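Novice: Quick one: structure below, then a few questions.
Values quoted throughout were computed directly from the atomic coordinates according to the rules given, and no laboratory measurement underlies them. This one's a predicted model, so the numbers in the text were calculated from it and none came from an experiment. As a convention, Cβ positions derive from the backbone with ideal geometry for all residues, glycine included, and neighbour counts pool all protein chains shown.
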Amino acid sequence: MRMLFNSLTFVVFFVAVFILYWSPIKNNLKHQNILLLIASYYFYACWDYRFLFLLVFSISLDYFTGLRMHEARSNRARKAWFWCSVVINLGLLGVFKYYNFFIESFVDAVSLIGMNPNVSTLNVILPVGISFYTFHGLSYVIDIYNKRIEPVKNFIEYSVFVSFFPLLVAGPIERATHLLPQIQQKRVFNYHRAVDGLKQILYGLFKKVVIADGCAEYVNMIFNSGDTYSGSTYAIAAVLFAFQIYCDFSGYSDIALGVARLLGIDLLRNFAYPYFSRDIAEFWRRWHISLSSWFRDYLYIPLGGNKGNTGRKIRNIFIIFIVSGLWHGANTTFIFWGALNAIYFLPLLLLKRNRSNIDTVAGDRNLPSFKELLSILTTFALTTFAWIFFRSENIGQAFEIIAAIFSKSFISAPEIPPSLTLAAIIAGFVIIEWLGRFELHPLVKVGMSRTRFVRWTFYSILLTVTIFFYGNEQQFIYFQF
Amino acid sequence: MNIFFKKIFLFALFAVCFLFTIAVVYTKVYNVSLRDIPPQISDSYSYNDKIMFALNKQSEIICLGSSMSLNNIYSPSVTEYFNSNSFLNLSSWGLNIKDIYFLLKAYSKKSRPSTLVIVSNLGDFNDVEKKVDYDLLDDLLDGKNIETAHLVHFKPKYYFTNIRFSKKAKSANNIYQSLRYDQYGSVPLFSDGFQVDSARWYKRDYFRIDSTQYVYLDSISRYCNSSDIKLLFFQSPFRQGLYNTLDTAQLQTLRWHDEELSKMLGARKQHFITSNNQYWNDSLFVDGIHLNSVGAKMFTDYCLQRIRVTDIN
């Protein structure tokens, strides 16, 4: 019984946790944390109870190495504990996520020079959320090693930090400096925060159920069929996939943030209207923020960041984007996707224009200027082009699709036209996002309306559309990473 | 906290009223009713609708299969041949051989058919099976109430997307999605004014065969044998214009398929009639494989005539 955020099972589970959390034990922080821990382990066990042991092992490893590092009397000992944690964490990730990929790539490579090694692969199942909780743990250990934080003494508090159920399977990737203090502090129910959390959940559900799942029907039909289509059909599928992946992942993040807020905890923001970005650098500051900033702080800056000569800058950018691609999965398509984004990003970095769009677009205006609109559309087109690699089953399919898009068939009528209802809903969604682009989520803007009737009617419309579109519970894309 | 729960309750009340108003307006504007929609027994609307049609019907002769059996069989010819009105066409879109096997077993638990007719072509031997809740199907065939069945898999999207479609499918007989059954459950397609799209007219994508489907056909054959059900298996034809464009490999596959089925069913003295060796004029079709009502009559008569000859011999 998988517990998806968009399932009735989760609703029942969460209502039970919420009532227990705020009613009988609301004044006891320790009990609240124990409840969160039990709920989180139960939530994870619903996905696959066998991997609960792996999660507990990973948590215990980082908890104890954190303490040992802090207590170590010599630098050598500290370093030894640090590397012990890093190697085991990355080793587990490597075995479960990348073992087969590297073995198969090795066999392919040596077969090119005529060798035929007899290496067997393993039937490894990917534990859900392993990329996320491994990165949680790593950031904690690295921060202790760099003396940014002190280790947590209380095992339950640390366990809740890593396994807090709203973020356990698909993030946001939290930092100890941000989440741990909230877990250690007494939480008081805040009406406004709880109501805002509910609104964010509603908006996340709308994005997931209506737009992401609506786009998925078309996208899956085109990408999974094995048939070939015209360039126009592929182009539509690529654009719809751009909306699907955004609404799927940011919808998940919205629900996670909303659920956490109902429990009195603020999680890191993961998306900030990335499709209104005016260049790729801005896009990467607004897309999957918790992962981008993780790589920036724990990989890019230690590598030297944008310091040093041009060659070093180029190397660092390629490393960070390719590793980011590999983080998503063991497939060459993700490596191409990462490399392509590095290529997009490099000119901005080398021309020192990567921070030229820091503020929100059209800050003091209702509409963007023509130049801004053009920049937004160009960035969206580049991103969508890169998504083709991300979505394709293999590199061959990606290149076939790109070849079709750049052929004459691009200007032909699509074989399978997308639903007009879906197109209208996406158009409405873009308008809502634009109007709310300065807020954490667009419903904050709606909440500013003084008339309750207007507010409630708007929420009811979102709810009604979500209910009408609620079909089969589709898994969130990022659960596979 | 209390204010929070109070507000949630008030909003829920508001939202329910809103939702109810929208639903009422929708059904009035489009003049449709929820009663027009069958419960979601499977992921195929046609399947769900056919199960509702079949409820409380006990028939001696049943026809089972995909749209080949739904559209290409001509009910009056069948009833005339068997000299019986106890005929039920239980077919629906896209059933593969595995689906047919499970539906046959489910239906046979409630009814004791004496004859099973399957009309098929190569396309039915694919690996895309329907997702069917067989427990719910059993309950329905047992006569459990339909309201409960609606609640078991209540998915608003299913009702929302099908409520208007249902009306259209039930009233038109010149569209592929037609579910305008004759009194036995077959759907004759009328080519008069039928807008055939070129993709379907020229489509040749019927050769992706899944070998396990032959195992399921063997299971059907054995099941019929052990249950004393006479099995008639008719191989539906391709439109001649399309048949002429098949390449050597495709023709070989088709021949191999016919031989395989003939051997398998012949071993149990069950009837296998192929129509691939006959000329089927394009005017009898609405696309590459679906016959219009005239074609369906000719095809059904042809197969039954062959059965008659075989039985006499």
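Novice: Using only the alpha-carbon atoms, how far is helix B:2-29 inclined from the longest principal axis of chain B? Give it as 0 to 90 degrees, nearest 10.
Specialist: Relative to chain B, helix B:2-29 is tipped by roughly 50 degrees.
Novice: Would you calculate the separation in nanometres between label points at B:Arg112 and B:Asn174, each defined as 7 Å from the Cα along the Cα-to-beta-carbon direction?
Specialist: Calculated label separation equals 4.6 nm.
Novice: Let me ask something else about it. State the Cα centre-to-centre distance between the range B:111-189 and the range A:135-178 in whole Å.
Specialist: 52 Å
Novice: May I pose another question? Compute the normalised compactness of the protein assembly as shown: alpha-carbon radius of gyration over 2.2 N^0.38 Å, N being the residue count.
Specialist: Taking N as the residue count of the protein assembly as shown, the ratio is 1.10.
Novice: Per-residue HN-Hα couplings for the range A:300-309, Karplus 6.51 cos²θ - 1.76 cosθ + 1.60 at θ = phi - 60°, whole Hz, x for Gly and Pro?
Specialist: Here the 3J(HN,Hα) series is 5, 5, x, 6, x, x, 9, 9, x, 7 Hz.
Novice: Run through the range A:96-205 and list the trypsin sites (Lys or Arg not before Pro) located in a DSSP loop whose Cβ has at most 14 other Cβ atoms within 10 Å.
Specialist: For trypsin sites (Lys or Arg not before Pro) across the range A:96-205 that sit outside H, G, I, E and B with at most 14 neighbouring Cβ atoms in 10 Å, the list reads A:Lys147, A:Arg148, A:Lys153, A:Lys186.
Novice: Can you give me the angle between helix B:212-226 and the longest principal axis of chain B, using Cα atoms only, in degrees from 0 to 90, rounded to the nearest 10?
Specialist: 80 degrees
Novice: Still on this structure: Please name whichever of A:Gln184, A:Met115, A:Phe18 sits farthest to the positive end of the charge dipole of the range A:8-188, dipole taken about the Cα centre and charges placed at Cβ: Lys and Arg +1, Asp and Glu -1.
Specialist: Value: A:Gln184.
Novice: Sticking with this one: Along the range A:199-211, what does the Karplus equation 6.51 cos²θ - 1.76 cosθ + 1.60 (θ = phi - 60°) give for ³J(HN,Hα), rounded to whole Hz, x for Gly and Pro?
Specialist: Working through the residues one at a time gives 4, 5, 5, 4, 5, x, 5, 4, 4, 6, 6, 7, 8 Hz.
Novice: Would you order A:Met3, B:Met1, A:Met221 from fewest to most other beta-carbon atoms within 10 Å of each residue's own beta-carbon?
Specialist: Lowest to highest Cβ neighbour count: B:Met1, A:Met221, A:Met3.
Novice: Okay, next question. Given Cα pairs under 8 Å that are at least 6 residues apart, what percent is the relative contact order of chain A?
Specialist: Relative contact order here is 18 percent.
Novice: What order do you get for A:Trp287, A:Trp327, A:Trp83 when you list them from fewest to most C-beta neighbours inside 10 Å?
Specialist: If I rank by nearby Cβ atoms, fewest first, I get A:Trp83, A:Trp327, A:Trp287.
Novice: So if I restrict to the alpha-carbon atoms in the range B:56-117, what is the Rg, and what is Dmax, the biggest pairwise distance, in Å?
Specialist: For the range B:56-117, the Cα radius of gyration and maximum Cα-Cα distance read 11.2, 30 Å.
Novice: While we're looking at this one, here's another question. When the scattering of the range B:32-312 is computed by the Debye formula from its Cα atoms alone, each counted once and equally, what is log10 I(q)/I(0) at q = 0.09, 0.10, 0.15 Å⁻¹?
Specialist: -0.40, -0.50, -1.18
Novice: Report the normalised scattering of the range B:224-289 as log10 I(q)/I(0) at q = 0.12, 0.20, 0.21, 0.26 Å⁻¹, calculated by the Debye formula with identical scatterers on the alpha carbons.
Specialist: -0.38, -0.83, -0.88, -1.10
Novice: Please work out the C-alpha center-to-center distance from the range A:208-240 to the range B:1-38 and express it in whole Å.
Specialist: If you average the Cα positions of each part, the centres end up 32 Å apart.
Novice: Follow-up. Once you place label points 7 Å from the Cα toward the Cβ at A:Arg50 and A:Ala424, how far apart are they in nm?
Specialist: 4.8 nm
Novice: Right, here's the next one. Under 5 Å between amide H atoms, partner at least 5 residues away or on a different chain: which partners does B:Asn121 have, H built in plane at 1.01 Å?
Specialist: Counting only residues 5 or more places away or on other chains, the set is B:Ser236.
Novice: Using modelled backbone amide H atoms (1.01 Å from N, in-plane), which distant-in-sequence or interchain residues come within less than 5 Å of B:Gly65's amide H?
Specialist: B:Ser91, B:Ser92
Novice: Grab the Cα-Cα distance for B:Ser262 and B:Asp138, subtract it from 0.36 nm times how many residues apart they are, and report the gain in nm with one decimal.
Specialist: So the extension gain works out to 41.4 nm.
Novice: Right, here's the next one. Which whole-Hz couplings ³J(HN,Hα) result when phi for each residue of the range A:172-178 is put into the Karplus expression 6.51 cos²θ - 1.76 cosθ + 1.60, θ = phi - 60°, listed in order with x for Gly and Pro?
Specialist: So the Karplus estimates, Gly and Pro as x, are x, 7, 8, 10, 4, 5, 9 Hz.
Novice: Just for the range B:32-312, what percent of DSSP beta bridges are antiparallel, to the closest 5?
Specialist: 10 percent
Novice: Which value in deg cm²/dmol, rounded to the nearest 500, describes the helix-derived mean residue ellipticity at 222 nm for chain A, given -39,500 (n - 2.57) per DSSP H run of n ≥ 4 and division by the residue count?
Specialist: Counting only the DSSP helices, I get -21000 deg cm²/dmol.
Novice: Rounded to the nearest 10 degrees, what's the angle between the helix B:293-312 long axis and the longest principal axis of chain B, both from Cα atoms, 0 to 90?
Specialist: Approximately 50 degrees, to the nearest ten.
Novice: Here's a follow-up. Would you list, by chain and number, the lysines whose Cα falls below 27 Å from the Cα of A:Lys199, excluding same-chain residues fewer than 8 positions away?
Specialist: A:Lys199 reaches A:Lys26, A:Lys186, A:Lys207, A:Lys208, A:Lys445, B:Lys6, B:Lys7, B:Lys155, B:Lys157.
Novice: Which of the aspartates and glutamates could a cross-linker bridge to A:Lys352, judged by Cα under 15 Å and excluding same-chain residues fewer than eight apart?
Specialist: A:Asp279, A:Glu282
Novice: Which percent of Cα pairs goes in each bin when the distances of the range A:8-188 are cut into 10 angstrom slices starting at zero?
Specialist: 9, 31, 30, 18, 9, 3, 1
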